Amino acid sequence: MRPRRAYHPRMSDRVNVLLIGGGGREHALAWRMSQSPRLGRLFASDTQNPGIASLATPVDVPVNMREIYRLQIFCDKNNIGLVVIGPEEPLAAGMADALLAPGRAVFGPIAAAARLEADKAWCKQLLRGASVPIAEGRSFTDFTAAKTYVETREEPPVVKASGLCKGKGVIVPSSIDEAVAALDRMMNRLEFGEAGRTVVVEERLEGSEVSVLALVDGRNIYLLEPCQDHKRLGDHDTGPNTGGMGVFCPGGLVEGRDDALLAQIQSEVLVPTLDALRREGIEYRGVMYAGLMLTPAGPKVLEYNCRFGDPECQALMMRLESDVIELMLATAGTSPGSAGGAASPRVRLDEIDVRWRPGASCVVVLAAPGYPDKPRAGLPITGVDQAARLPGVQVFHAGTRIEAASAGEANGGLVTAGGRVLNVCAVGDTLAQARERAYAAARLIHFEGKQMRTDIGAAAARVPTLR
Ligand code: AMP
Ligand code: GLY
């Protein structure tokens with residue numbers, strides 16, 4: 001299912017793009033889009049991120065669902081032909097639905113499709129009905145019923161808030177008591193807000209994890225290169241879960257079996273999921289991201305996300321050689337004769353020749369002290385420019401700001417402003433080279449209390465060639 005037919009865009013088909021989201025993922029997307037001959041003007045919702053600010057023009061209206069008409073008018077006025085929505089919250093809230101218009105494509109699923117991520121209980125039911133391999137479990141809205149269920153299990157199950165929690169709504173308890181305590185935190189204390197009113201309780205799976213992301217244009221599925229995320233804060237998978245502390249790509253699969261395993265994941269997981277959505281009358285367009293556990297019984301879905309992973313996206317953008325705007329337009333679908341100057345005639349996903357830089361990429365996340373609970377903001381950062389000058393290296397801004405008061409200082413006033421602060425990325429001919437470069441760059445960047453894992457890709461890098 002890997003399309004190989006070449007498509008040559010006409011240089012004249014330029015498109016103005018609106019980018020929603022302000023983290024490292026969106027900086028990486030902005031960076032890749034800026035290299036496309038198809039890009040007209042790039043507007044961005046979050047230019048507080050200095051990386052995005054260096055590439056895009058700020059949107060001068062509020063960006064939220066309550067006043068979405070103002071963003072619609074903005075898109076009309078600025079001839080936006082493509083809207084790219086990075087994070088899950090606006091997708092789940094229906095921003096793609098609201099901004100779709102004749103001649104304007106939106107990269108990112110409509111709310112009904114984003115439910116795959118935003119409502120884990122619904123997702124599990126859908127997957128079960130479609131015989132997609134998943135962790136066995138049940139959903140609950142009643143604490144007592146959930147507690148009784150947990151107490152009858154032999155092994156402590158995994159407890160998940162059904163709604164969106166920025167990747168932090170999953171608890172993997174080590175005892176039944178801990179599992180009950182997790183239910184109490186979610187369902188009674190509402191520590192995860194509304195997202196925890198419904199919980200999913202499921203069997204704990206063992207194996208290695210892999211993120212398989214695909215572009216989906218409603219019908220066609222194009223698998224992106226597999227990535228290996230590192231969710232725990234500390235080396236050797238210790239400490240609390242985070243949004244992701246590092247990624248390598250390609251990665252996460254059993255060496256030598258990659259293609260067979262990917263084909264299996266496509267036919268047993270992604271295709272039946274897409275079919276199940278279509279039976280519900282839901283068309284999926286955008287990134288479909290399956291978080292999988294490779295168990296002895298085969299790959300099983302831990303979760304679906306409706307967007308690019310962060311920092312998986314950064315690892316992918318480092319290696320993508322094809323035109324990202326072409327790919328996004330093909331995924332999103334565009335109407336011919338567009339007012340926004342978007343592609344005409346329409347190009348389909350299966351007509352694009354997708355090329356990847358051979359070798360590997362590696363992303364090392366630098367996090368603020370206190371992350372993931374209480375990251376400290378306002379700490380001066382140095383060394384970014386020096387790091388970015390190393391061969392094969394890019395540094396994406398995730399949680400940084402320029403502080404006006406210190407703008408004259410040697411670091412340009414750059415300070416921490418979020419949990420995950422910077423994504424230090426590198427490409428290499430081998431994973432070993434990519435990770436050496438990323439770590440050499442990461443070591444040049446300093447801020448008080450910097451947290452970073454030192455083992456991203458370490459085990460896999462001992463294998464000289466991955467694919
Ligand atoms: P999620 O946000 O659902 O990907 O969960 C975050 C992390 O929790 C995953 O990356 C896994 O490491 C872990 N996890 C989630 N579900 C399970 C499960 N059923 N069994 C074992 N670990 C799990
Ligand atoms: N890196 C994991 C995620 O984006 O959900």
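The values are calculated or read from the model by the stated rules, or taken from the named source; none is laboratory data. Keep in mind the model is a prediction, meaning the values are calculated, not measured. Cβ sites come from the backbone with ideal geometry, for glycine too, and all protein chains shown count toward neighbours.
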- When every residue in the range 157-186 that is in contact with a Lys or Arg (Cβ under 7 Å, 6 or more places away or on another chain) and closer than 30 Å to Arg420 by Cβ is compared, the one farthest from ligand 1 (Cβ to nearest atom) is Leu183
- Determine which single condition Val199 fails, assuming it passes every other condition in (1) within 16 Å of ligand 1 (Cβ to nearest atom); (2) closer than 30 Å to Arg437 by Cβ; (3) not charged (D, E, K, R). (2)
- Scan (1) in a loop (DSSP other than H, G, I, E, B); (2) within 16 Å of ligand 2 (Cβ to nearest atom); (3) touching a residue at least 40 places away in the same chain (Cβ under 8 Å) for the single condition Ser211 breaks and write down its number. (1)
- Selected residue [within 16 Å of ligand 1 (Cβ to nearest atom) and modelled with pLDDT under 95] from Ala332, Ala297, Ala343: Ala297
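For the range 143-153, give me each residue that is touching a residue at least 12 places away in the same chain (Cβ under 8 Å) and part of a loop (DSSP other than H, G, I, E, B).
Initially, the range 143-153 is screened for residues touching a residue at least 12 places away in the same chain (Cβ under 8 Å), giving 143, 146-147, 149-151, 153.
Within the range 143-153, Arg153 is the sole residue that qualifies.
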- Item | Criterion (within 16 Å of ligand 2 (Cβ to nearest atom), surrounded by fewer than 23 Cβ atoms within 10 Å (Cβ to Cβ) and under 19 Å from the mean Cα position of the chain (by Cα)) met by exactly one of Leu224, Leu233 | Leu233
- Query: In the range 36-84, what count of residues is obtained for those that are outside any loop (DSSP other than H, G, I, E, B), closer than 17 Å to Ala101 by Cβ and of a type in the set (A, V, I, L, M, F, W, C)?
  - Reply: 10
- Note on the structure: In the range 187-196, anything part of a loop (DSSP other than H, G, I, E, B) and more than 15 Å from ligand 1 (Cβ to nearest atom) is listed as Arg189, Leu190, Glu191
- What tally of residues in the range 32-46 results from selecting those that are polar (S, T, N, Q) and either modelled with pLDDT under 95 or over 13 Å from Thr57 (Cβ atoms) (or both)? 2
- Task: Check whether at least one residue in the range 206-220 is acidic (Asp, Glu), within 24 Å of the chain's Cα centre (by Cα) and farther than 22 Å from Gly137 by Cβ, and report yes or no.
- Result: yes
- Task: Output the residue which, of all residues in the range 110-126 that are assigned to a helix (DSSP H, G or I), away from ligand 1 (no atom under 15 Å from the Cβ) and among the aliphatic types (A, V, I, L, M), is farthest from Ala93 (Cα to Cα).
- Result: Leu126
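Looking at the range 451-460, can you tell me whether even one residue there is of a type in the set (Val, Ile, Thr) and in contact with a Lys or Arg (Cβ under 9 Å, 6 or more places away or on another chain)? Don't jump to the end; show me each part of the working.
The initial filter retains those residues of the range 451-460 that are of a type in the set (Val, Ile, Thr), namely 454, 456.
Right, trim to in contact with a Lys or Arg (Cβ under 9 Å, 6 or more places away or on another chain) and you get 456.
Yes, that holds for at least one residue.
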- Looking for whichever is among the charged types (D, E, K, R), over 20 Å from Leu316 (Cα atoms) and at pLDDT 95 or above here; the options are Asp76, Asp13. Which one fits? Asp76
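Residue-wise test of (1) surrounded by 21 or more Cβ atoms within 10 Å (Cβ to Cβ); (2) of a type outside the set (A, V, I, L, M, F, W, C); (3) under 17 Å from the mean Cα position of the chain (by Cα).
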{"residue": "His27", "(1), (2), (3)": "yes, yes, yes"}
{"residue": "Thr47", "(1), (2), (3)": "no, yes, no"}
{"residue": "Val63", "(1), (2), (3)": "no, no, no"}
{"residue": "Gly86", "(1), (2), (3)": "yes, yes, yes"}
{"residue": "Pro90", "(1), (2), (3)": "yes, yes, yes"}
{"residue": "Pro102", "(1), (2), (3)": "no, yes, no"}
{"residue": "Ala113", "(1), (2), (3)": "yes, no, yes"}
- Select from the range 125-144 the residues that are out of contact with any strand residue (DSSP E or B) (no Cβ under 8 Å at 6 or more places or on another chain), small (Gly, Ala, Ser) and either closer than 14 Å to Ala179 by Cβ or buried (at least 17 other Cβ atoms within 10 Å of the Cβ) (or both) and list them in ascending order. Ala130
- Task: Scan the range 226-239 and give yes if some residue there is in contact with a helix residue (DSSP H, G or I) (Cβ under 8 Å, 6 or more places away or on another chain), at pLDDT 90 or above and more than 15 Å from ligand 1 (Cβ to nearest atom), otherwise no.
- Result: no
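Could you tell me whether Leu183 is buried (at least 17 other Cβ atoms within 10 Å of the Cβ) and away from ligand 2 (no atom under 16 Å from the Cβ)? Spell out the reasoning first.
Numbers: buried (at least 17 other Cβ atoms within 10 Å of the Cβ): yes; away from ligand 2 (no atom under 16 Å from the Cβ): yes.
Yes; evaluated as a whole, the condition is true for this residue.
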